[in-house]
1. What would the Debye equation give as log₁₀ I(q)/I(0) for the range B:96-188 at q = 0.15, 0.17, 0.23 Å⁻¹, counting only Cα atoms as equal point scatterers?
2. What is the spin-label model distance, in nm, from residue A:270 to residue B:92 if the labels are put 7 Å beyond Cα along the C-beta direction?
3. Report the Rg/Rh value for chain B, based on alpha-carbon coordinates and the Kirkwood definition of Rh.
4. How many times 2.2 N^0.38 Å is the alpha carbon radius of gyration of the range B:40-147?
5. What do the square roots of 5 times the Cα gyration tensor eigenvalues come to for the range A:86-210, in whole Å, largest first, as semi-axes of the equivalent ellipsoid?
6. Restricting everything to alpha-carbon atoms, can you work out Rg to Rh for chain A with a Kirkwood hydrodynamic radius?
7. Rg and Dmax of the range B:107-277 over Cα atoms: what are they, in angstrom?
8. Go through A:229/B:75; A:199/B:200; A:237/B:173; A:16/B:135; A:16/B:200; A:284/B:225 and tell me which ones have a Cα-Cα distance over 22 Å in this structure.
Amino acid sequence: MSISTGSFDLYSRGDKFFGWAVTILLGLFVASTLYPFVYVLSASMSSGAAVARGDVVLTPKEITFDAFRYVMADRQFWVAYGNTFYYTIVGTLTSLAFIIPGAYALSRPQLPFRSGFNLFVAFTLWFNAGMIPVFLNIRDLGILDTRFAIIIAFAVNAFNAILMRNFFESVPRSFEEAARMDGANDFQILWRVYMPLSKPAIITVALFCAVFRWNGYFWAMVILRDQDKLPLQVYLKEIIVELNMSDEFATDLLSSSYSFETAIAAIIVLSIIPVIIVYPYIQKYFQKGVMLGGVKE
Amino acid sequence: MSVMTDPGVSHTSILTPPSEFDLPPLTLGQRFIASILRNWQIYLMLAPMVIYFLIFAYRPMLGLTIAFKDFSLFKGIWGSPWVGLEHFRTLFEDPYFWRAVKNTVIISGLSLIFAFPAPIILALMFNELRHQGFKRMAQTIAYLPHFISIVIVAGIVVNFFAPSGIVNLILMKLGAEDPTYFLTKPEWFRPIFIGSNIWKEAGFESIIYLAAIAGVSPSLYESAKVDGATRFQMMYLITLPCILPTILIMLIIRIGNLLEVSFEYVILLYQPATYETADVITTWIYRQGLQNNNYDVATAAGVFNAVVAFTLVITANRLSRRLSKTSLW
């Protein structure tokens, strides 16, 4: 739209009112989106007593960092934290290693049985075996309670593969032809020509994979038994959702400046921090990514 | 046979397989082998993904057969005896299964009514913001909850709606006498579930509508302004109709996924006291299958779920093809 910021005077009184109404409504929306974060942050920095009395509504009261100290002293927390980084990084790289060459192959018109392979991939979007057969499959493969299962069993998502394929298809074929003239083989063409050209799409798919890995808890909860393999999300679920604290944890909290509530708030804050740190860098990619994938699929 | 060194092929056909005219007649089998040899590198690139789908997507589909078997872990999928449709009979006679079907449809329906329009309204409002700085900030904040793990969202919800949580605190200050145990009350489950879902996803989902709005021709607004249209009229009469195709496609996708209620989130929020309104098909399958080890009956429910979902998706795609002349895939 060609209406610039400085042209408010062009509008009628009704338009001005409309503009203010929209601004106020969105202001309220933004505030309500932000409030839970602000509250949790404030609670994590307040004393347990202040939170219990209901004094903490917006800003922290009786500021103390004991809750953080308590949570950060828990070995299990750091194990889970490290596991989540492991699953996110290794999982995303594994997904890309499957998806990029596969999608490139699917995008090549010279691939024999191309439409058959495309259907083979797309069919899994419409029909999947479901929870129990997937679980029994992993069990039959003998990889229950292994990190390998978490990494490999959910490596490829057909949606991401198709997204990547569509992007490769949109690259003009003259690039491939020129590279082939120079004597490049298919691997070289993908690595030296198509991957550099597809950086935004690759980052988008990597982002989708990473978000899925970072946030996922269900299959980790079902597949893993060993405490030392659990990702942060399962650890969080056990503590904050099931209110499943050990006796030690509970009695330990009675006589101190932190409480169960503030400890939970501190855990939540600590687990959101990595997301907040990378968020500004990824923002421009997911905005593009949703447009890439949204309507086409 | 390498295309590169074949002297009989002109340079224009380097990438296309040589036509039959250049070659002695081959049998189908020979041509099949030749095409694989010619494209072996591409096949090699495709192989890991195909093997992945075979092992982790198609192999479990064989496991669906246990819906028709008296399954035991010791005998395995192949060793267990067939029982025909017995599990489906058990399933369809189970009132709790039907309760789960009913809840799935109700929660999906309510989401369609309340959660589906939210990102559209949000996108329309974002588009009306004239202050670029505020607009960018508002969008940045609106997208953020999408990236927060569902476990943390559930943790915050449990915390907020606990008897000693902030919601009860405010209600008490407003004059309520006793705290409400929101998460144990069946009537509160759906509003809390859908409301927190809107909080988490509406902002992020608005991106797709903002993309559609960005594609609206500015000349439409200019001529409307010349005609003296107000901003509200422009939004209602230009922007909204222009993004209607996008809305329609999203609606069809949503209907296709009608059975897909985020069970990961339900599992985190529900408890036996709220099963009455909260238990959906997938959570029922989870409890039957993975908690009670009734693998076969749970799989029968999964087959039911998958077949209905598949039918819905196919129907939705037909519908979209007819309405928009472009299929979804």
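1. Result of the Debye calculation: -0.96, -1.08, -1.11.
2. Label at residue A:270, label at residue B:92, 5.3 nm between them.
3. Values: Rg = 27.6 Å, Rh = 25.1 Å.
Rounded to two decimals, Rg/Rh equals 1.10.
4. Working: Rg = 24.5 Å, N = 108, 2.2 N^0.38 = 13.0 Å.
This ratio for the range B:40-147 stands at 1.88.
5. Working: eigenvalues 178, 57, 31 Å².
One finds semi-axes of 30, 17, 12 Å for the range A:86-210.
6. Values: Rg = 25.0 Å, Rh = 23.2 Å.
Looking at chain A, the ratio lands at 1.08.
7. For the range B:107-277, the Cα radius of gyration and maximum Cα-Cα distance read 19.5, 61 Å.
8. Working: A:229/B:75 29 Å; A:199/B:200 28 Å; A:237/B:173 31 Å; A:16/B:135 17 Å; A:16/B:200 31 Å; A:284/B:225 32 Å.
Too far apart for the 22 Å limit: A:229/B:75; A:199/B:200; A:237/B:173; A:16/B:200; A:284/B:225.
The numbers here are math on the coordinates, done by the rules we state, and not lab data. Quantities reported herein were computed from a predicted structural model and do not represent experimental measurements. Please note: Cβ atoms are built from the backbone with ideal geometry, for glycine as well, and neighbour counts cover all protein chains shown.
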